[in-house]
Amino acid sequence: MSDMNPNPIQKRLVYKIEAVLASPALIGSGESESTDSDVLLNASGNPYLPGSALAGVLRHTLDEKDADLLFGSLASEKMSALWVMDSKFTKNKDVILTRDDIMELDGVALDPENKTALAKRKYDFQAVPGDARFTIRLMLVLREKDQNGAAMEALTERLLSQLRCGGISVGAKAGRGFGRVKCTAIQRQVFDYRTHDRTALDRWIQFEWDTDTGWEPYTPARTGASDATMTAVLKLCGSIMIRDTGSLDGDEDFKHISCGGEPVIYGTSWAGAFRGGLHKLLKPLSGQEALQGKQVDKYLDEFFGFVREENALAEDDGRRQSASRLRFDMSVLEKEAGREAEQGYRTITRVKINRFTGGAADGALFTERPWAGGKTTLVVRYPAGDTECEKLIRIALDAMHRGILTIGGETAIGRGVFQVVSEQYAKGGDAA
């Protein structure tokens, strides 16, 4: 009797979730051999999503008490009841994503006053492509002494609902639209050992994640999204240029950025444009009651987040970093029906003119490919019930519609101007 398990397993619920990245994922390895942040590779040299990383993301969606119940804690010396396995990325069902498929992106921090690059703030990083597919494998293990088995199942159901409605992102810069997970199908198997026959045990002994035929389609109960969302349809007036020098089509020097062959605007660009535009609008109010007595930079830090340098003086609250309350999804630029011929990438050759002689400046001839016309859909997420965030978004959208807030480069020649066609706000729990 002494060899018997004092806390035997009573039930296993096994889930297999087919998913695809709706935007590139920054799953960093901590290394910087090729870029400032390289993608994590497995022993075979292929990018993958560690189960520990996904478990951390899932845990973060729960409050501390619920997270400790489902994932365990050191304080209670309780192991995790929800097992999260590693996931390999594939191009399709059979072709594994390799090192050669990894994207390289770059970014730069801009001065909010004049949109010029800040010194030593240029960076580049690797990303898993936005159309990569992967399978999430979860297993909930309930034991005899678990007093809250029903609560654990309910919490797992909540996580599955968040996955199903697109409320989960993996990797870095998730608040800027990177690594958003789109769930395509959920399957489940239940192994219940409380019936005291060997049926469930025999099934488990023969169980294989990839080849088992006992899977059944599963739809979790809808618990809604914890975030509120603003969705705005925007019309591009003219053209836009956010430079990309790595994915060129021909002999051009640079073109507007693309992802998977589609022209896009990353969440980092939206966040920078919103913050820069709001900085200019709110600067005259700096230190006044409208900004809660704060300088405009500190006021915007509360909405867009911040990371202070190690050698920076501690602020009043002692924090060195804070997550953004405003989270911007990646937007795809689309052609309008019936106007395809006049919209899309345009090849333009330009030259810098010497203002003294009126002739072409030496070595200043270049070719670029901006994106012209079309529309895009901007999605901004923020904490449900946060009226201050919603107010700030409305101010920014109004400034954008009036042409005050622009996005991208070359705005001095009229690029990056959008008009708001429609906007819709959904409270937390209203999202599909």
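For the reader, a short list of remarks on this structure follows.
- For the chain, the mean projected area of the C-alpha convex hull, equal to one quarter of the hull surface, is 27.8 nm².
- In region 227-426, the inverse of the mean reciprocal separation of distinct Cα atoms equals 18.8 Å; this is its Kirkwood hydrodynamic radius.
- Region 9-217: Rg to Rh, with Rh as the Kirkwood radius over Cα pairs: 1.04
- Positive-end ranking of 282, 254, 361 along the dipole of the chain, with charges on Cβ about the Cα centre, is headed by 282.
- Region 9-217: relative contact order as a whole-number percent, Cα under 8 Å and 6+ apart: 36 percent
- Annotation: lysines with alpha-carbon distance below 20 angstrom to residue 427 (same-chain offsets under eight excluded): 391.
- Derived scalar couplings between HN and Hα for region 131-140 equal 10, 5, 9, 7, 10, 8, 10, 10, 9, 9 Hz in order, rounded to whole Hz, by the Karplus curve 6.51 cos²θ - 1.76 cosθ + 1.60 (θ = phi - 60°), x for Gly and Pro.
- Over region 227-426, relative contact order from alpha-carbon pairs under 8 Å, at least 6 apart, %: 38 percent
- For the chain, built as a Gaussian network whose Cα springs stay under 10 Å, the top-fluctuating residue of 229, 268, 411: 411
- Spatial offset of region 49-113 relative to region 354-432 amounts to 30 Å, using the alpha carbon center of each.
- Look at 397, 378 and count the other Cβ atoms within 10 Å of each Cβ; fewest to most, that gives 397, 378.
- Counting only residues at least eight positions apart within a chain, or on another chain, the lysines with an alpha carbon under 19 Å from that of residue 375 are 235, 255, 335.
- Across the chain, Cα pairs under 8 Å and at least six residues apart give a relative contact order of 19 percent.
- Sequence-ordered 3J(HN,Hα) estimates for region 77-84 from the Karplus curve with 6.51, -1.76 and 1.60 and θ = phi - 60° stand at 6, 10, 7, 5, 7, 9, 8, 10 Hz, glycine and proline given as x.
- Normalised per residue, the volume of the convex hull around the Cα set of region 125-226 (Å³): 151 Å³
- Applying a DSSP loop filter and a limit of 10 other Cβ atoms within 10 Å to the GluC sites (Glu not before Pro) in region 1-82 leaves 33, 77.
- Straight-distance crosslink candidates among aspartates and glutamates, where the alpha carbon sits under 15 Å from residue 11 and sequence neighbours closer than 8 are dropped: 144, 146, 153, 192, 197, 202
- Helical runs (DSSP H, four residues minimum) scored at -39500 (n - 2.57) apiece and divided by the length of the chain put the mean residue ellipticity at 222 nm at -6000 deg cm²/dmol.
- Among 269, 258, sorting on how many other beta-carbon atoms sit within 10 Å of each Cβ, with the fewest leading, yields 258, 269.
Throughout, read-outs are computed from the coordinates displayed, never taken from laboratory work. Remember, predicted model here, so these are calculated numbers, not experimental data. Positions of Cβ are backbone-derived with ideal geometry, glycine not excepted, and every protein chain shown enters the neighbour counts.
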